[in-house]
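First comes the structure, then the notes that go with it.
The values are calculated or read from the model by the stated rules, or taken from the named source; none is laboratory data. Remember, predicted model here, so these are calculated numbers, not experimental data. Positions of Cβ are backbone-derived with ideal geometry, glycine not excepted, and every protein chain shown enters the neighbour counts. Please note that ligands, DNA and RNA were not included when accessible areas were found on the heavy atoms of the full protein model with its side chains. Shrake-Rupley method; radii C 1.70, N 1.55, O 1.52, S 1.80 Å.
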Amino acid sequence: MLARIDSAAILGIDAYIVEVEIDTMSGTPAFTVVGLPDAAVQESRERVRSAIRNSNYEFPVRRITANLAPADTRKEGPLFDLPIALGILAATQQAEQPDYATFCAVGELSLDGSVRPVSGVLPIALGALKAGKESILVPAANAREAAVVQGLKVYPVTTLVEAVDLLTGTDKPEPFQSDVGEWDLLQPHYEIDFADVKGQEHVKRALEVAAGGGHNLLMVGPPGSGKSMLAKRLPTVLPPLGLEEALETTKLYSVSGLLRPDTPLMTTRAFRSPHHTVSTAGLVGGGSMPRPGEVSLAHHGVLFLDELPEFNRDALEVLRQPLEDGVVTISRAATSLTFPARFMLVAAMNPCPCGYAMDPVRQCTCLDQQVRRYLMRISGPLLDRIDIHVEVPRLKEDELMAQPKGEPSSAIRERVAGVREVQRQRFAGRGLFCNAQMHSKHLREFCRLSEDVKALLKTAIQQLNLSARAYDRVLKLARTIADLAGAPDIGVTHAAEAFQYRSLDRKLWG
């Protein structure tokens, strides 16, 4: 007898419907899964067989074929266990045949028949709704995540028996309800705050400018000066996530298996800080079936690279595409996938191998050749893509011993959100969200310059020997600084501050 039930699979960060067809016939007992299954899907045969028997159902001693359509796309993971088991029970008339036109199911089975959670339930639920499904059967541990999708009936199950009872109507519970309003996106909660930071007022100003326009930032200073501490607090001053941004971020964490059970929806900006030994695939994504890397997990948030020169040069160079385009494309022989990667890059480094070349207290012990070799690990094109370069000096004794008196993150975040709203209205209908995303035509339209500003720019370009890309980024910075000041046009003071943020790299790299 033939039975059909719909499930879903992940491709990139989106889901597509997979039709699970079960056919049982007379012949030599066998259990075959076809439709380009990977090893985890192939192993579902043993999990399904044991789960059915240990749930007090009869596993048919027949020739069983399970087909996962479409057959030309590779299927991964254990999420087909539950629909395959339900299909076998329906084909042997031990359970009702569900209406596969409006219903789908996902879940991993343990040998005792309990249903375990799987990754990627949020994009699966979104894909099911898009495909016209009315209800979805999911592991109980994934119910809150699936219920984030409004308009889809979510039925959580803990065992195979519960799933069968739900289909036969003997146990028809109410769909799991979850209101997106229970997560306060407008008041994100962070454990850390800018109010804890002592001194470093000029660095906090640079971070506010970076947050206001979505600019990349490089901090240079001796060990222990607070570079990492400041970087970790940058997400606390970024504008709150919108619902669409929160869903995009949550999808990335869901397919990567990083979404915590108590966090069905990401309500705070992501902060990713990979170790400098990270591989290129770990940074930008990869694998035989590509998975998101750190740059995608930092989408709508902050990617922090501490000890920047210690990273593999090849890994750093592949950052160019996501920094420019906001996406990363991974090509394989079978497929090519594009992952979102619109993040703020924040990097930190020492000025030399020993770290004390710019320290007024400790003397640097490095040779000039060692310093040059250390700095040359960072290429010029990558430096040009970092808008703000700021020095983070050692704190003085009185600053270190004083009580912190800085502004709280909430106050800075309010200013940044106001500036971002100005930019959102400015770029309405152009596909841009902040000043850092402007192109040349936008610079001509929105960065009008007076004669005094043009004279200052000409002098600064000659002194700093700026490239065309660096010049464009100075204009973007000046536009953000003017926005923070509430000025309609870029003034001399705004341009001067912007050039100040581009002078440190000339001092170090020449």
Being charged (D, E, K, R) and crowded, with 24+ Cβ neighbours inside 10 Å is true for just one of D81, D99. Which residue is that?
D81
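How many residues does region 466-492 hold that are more than 17 Å from N216 (Cβ to Cβ) and in contact (Cβ under 8 Å) with a residue 12 or more places away in the chain? Working first, answer last.
The first filter runs over region 466-492 and keeps only residues more than 17 Å from N216 (Cβ to Cβ), leaving 468, 482-492.
From the residues that got through so far, the ones that are in contact (Cβ under 8 Å) with a residue 12 or more places away in the chain too are 482-484, 489-492.
Looking only at that region, the number is 7.
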Output the residues belonging to region 345-363 that are over 30 Å from R479 (Cα atoms) and in contact with a helix residue (DSSP H, G or I) (Cβ under 8 Å, 6 or more places away or on another chain).
C352, P353, A357
Counting just the residues of region 350-374 that are touching a residue at least 40 places away in the same chain (Cβ under 8 Å), open to solvent by less than 30 Å² (accessible area, probe 1.4 Å) and in a loop (DSSP other than H, G, I, E, B), which one comes out farthest from T250 (Cα to Cα)?
D359
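What residue, of L126, L111, L82, L122, is hydrophobic (A, V, I, L, M, F, W, C), in contact (Cβ under 8 Å) with a residue 60 or more places away in the chain and within 24 Å of M25 (Cα to Cα)? Lay out the reasoning, then the answer.
On the way: L126 fails: within 24 Å of M25 (Cα to Cα); L111 fails: within 24 Å of M25 (Cα to Cα); L122 fails: within 24 Å of M25 (Cα to Cα).
Sole residue among the options that is hydrophobic (A, V, I, L, M, F, W, C), in contact (Cβ under 8 Å) with a residue 60 or more places away in the chain and within 24 Å of M25 (Cα to Cα): L82.
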I'm told V346 meets every condition in (1) part of a loop (DSSP other than H, G, I, E, B); (2) closer than 23 Å to K204 by Cβ except one. Can you identify the failing condition by its number?
(1)
If I filter region 221-248 down to residues being in contact with a Lys or Arg (Cβ under 8 Å, 6 or more places away or on another chain) and either assigned to a strand (DSSP E or B) or of a type in the set (S, T, N, Q) (or both), which single residue comes out as modelled with the lowest pLDDT?
S225
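Name the residues in region 265-287 that are at negative phi and small (G, A, S), would you? I'd like the intermediate steps shown before the answer.
Taking region 265-287 first, the residues at negative phi are 265-284.
If the condition is that a residue be at negative phi and small (G, A, S), then A270, S273, S279, A281, G282 are the ones that fit.
When you check S288 against the structure, is it without any contact (Cβ under 8 Å) to a residue 60 or more places away in the chain and closer than 30 Å to W509 by Cβ, yes or no?
Working: without any contact (Cβ under 8 Å) to a residue 60 or more places away in the chain: yes; closer than 30 Å to W509 by Cβ: no.
Considered against the rule, which asks whether it is without any contact (Cβ under 8 Å) to a residue 60 or more places away in the chain and closer than 30 Å to W509 by Cβ, S288 comes out as no.
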Among the residues of region 383-426, write down those that are among the hydrophobic types (A, V, I, L, M, F, W, C) and at pLDDT below 90.
L383, L395, L400, M401, A402
Listed by first then second residue, the pairs whose first member lies in region 11-34 and is among the acidic types (D, E), whose partner is open to solvent by 50 Å² or more (accessible area, probe 1.4 Å), with beta carbons under 6 Å and at least 6 positions apart or on separate chains, are E21/R4; D23/L2
Please give the strands (runs of 3 or more DSSP E) falling wholly within region 1-107 in which 1 or more residues are among the acidic types (D, E) and out of contact with any His (no Cβ under 8 Å at 6 or more places or on another chain).
2-11, 14-25
With the requirement that a residue be under 17 Å from V48 (Cβ atoms) and open to solvent by less than 10 Å² (accessible area, probe 1.4 Å), what does region 130-165 give you?
L137, P139, V157, L160, A163, V164
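Would you mind finding the one in P408, P381 that is in contact with a Phe, Trp or Tyr (Cβ under 7 Å, 6 or more places away or on another chain) and either in contact (Cβ under 8 Å) with a residue 24 or more places away in the chain or surrounded by 14 or more Cβ atoms within 10 Å (Cβ to Cβ) (or both)? Steps first, answer last, please.
Numbers: P381 fails: in contact with a Phe, Trp or Tyr (Cβ under 7 Å, 6 or more places away or on another chain).
Exactly one residue qualifies, and that residue is P408.
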With respect to the numbered conditions (1) within 30 Å of R332 (Cα to Cα); (2) open to solvent by less than 20 Å² (accessible area, probe 1.4 Å), which one is the sole condition not fulfilled by G87?
(1)
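Looking at T28, T73, T92, T24 in this structure, which one is touching a strand residue (DSSP E or B) at 6+ places or on another chain (Cβ under 6 Å) and hydroxyl-bearing (S, T, Y)? If you could, list the steps in order and put the result at the bottom.
On the way: T28 fails: touching a strand residue (DSSP E or B) at 6+ places or on another chain (Cβ under 6 Å); T73 fails: touching a strand residue (DSSP E or B) at 6+ places or on another chain (Cβ under 6 Å); T92 fails: touching a strand residue (DSSP E or B) at 6+ places or on another chain (Cβ under 6 Å).
Selected residue: T24, the only one of T28, T73, T92, T24 that is touching a strand residue (DSSP E or B) at 6+ places or on another chain (Cβ under 6 Å) and hydroxyl-bearing (S, T, Y).
Checking the conditions here, which among A141, A128 is within 16 Å of P261 (Cα to Cα), small (G, A, S) and outside any strand (DSSP E or B)? Let's see the steps before the verdict.
Details: A128 fails: within 16 Å of P261 (Cα to Cα).
Residue meeting the stated conditions: A141.
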So is L207 farther than 30 Å from A125 by Cβ, within 22 Å of the chain's Cα centre (by Cα) and not in a helix (DSSP H, G or I) or not?
no
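How many of the residues in region 286-328 are part of a strand (DSSP E or B) and either open to solvent by less than 10 Å² (accessible area, probe 1.4 Å) or touching a Phe, Trp or Tyr at 6+ places or on another chain (Cβ under 8 Å) (or both)? Please lay out each step first, then the result.
Initially, region 286-328 is screened for residues part of a strand (DSSP E or B), giving 286, 291-292, 302-305, 327-328.
Now narrow it down to the ones that are either open to solvent by less than 10 Å² (accessible area, probe 1.4 Å) or touching a Phe, Trp or Tyr at 6+ places or on another chain (Cβ under 8 Å) (or both): 292, 302-305, 327-328.
The qualifying residues number 7.
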Among all residue pairs at least 6 apart or on different chains, which show Cβ distances below 7 Å where the first residue, located in region 234-255, is within 27 Å of A8 (Cα to Cα) and open to solvent by less than 10 Å² (accessible area, probe 1.4 Å) and the second is of a type in the set (S, T, Y) and assigned to a loop (DSSP other than H, G, I, E, B)?
A246/T267; S254/S119
Take the residues of region 331-349 that are open to solvent by less than 10 Å² (accessible area, probe 1.4 Å) and either in contact with a Leu (Cβ under 6 Å, 6 or more places away or on another chain) or modelled with pLDDT under 90 (or both): which is nearest to H439 (Cα to Cα)?
L345
Subset of region 417-446 [part of a helix (DSSP H, G or I), under 20 Å from P239 (Cβ atoms), of a type outside the set (D, E, K, R) and open to solvent by 40 Å² or more (accessible area, probe 1.4 Å)]:
V422, Q425
Which numbered condition E414 misses (of (1) of a type in the set (D, E); (2) more than 30 Å from E445 (Cα to Cα); (3) assigned to a helix (DSSP H, G or I))
(2)
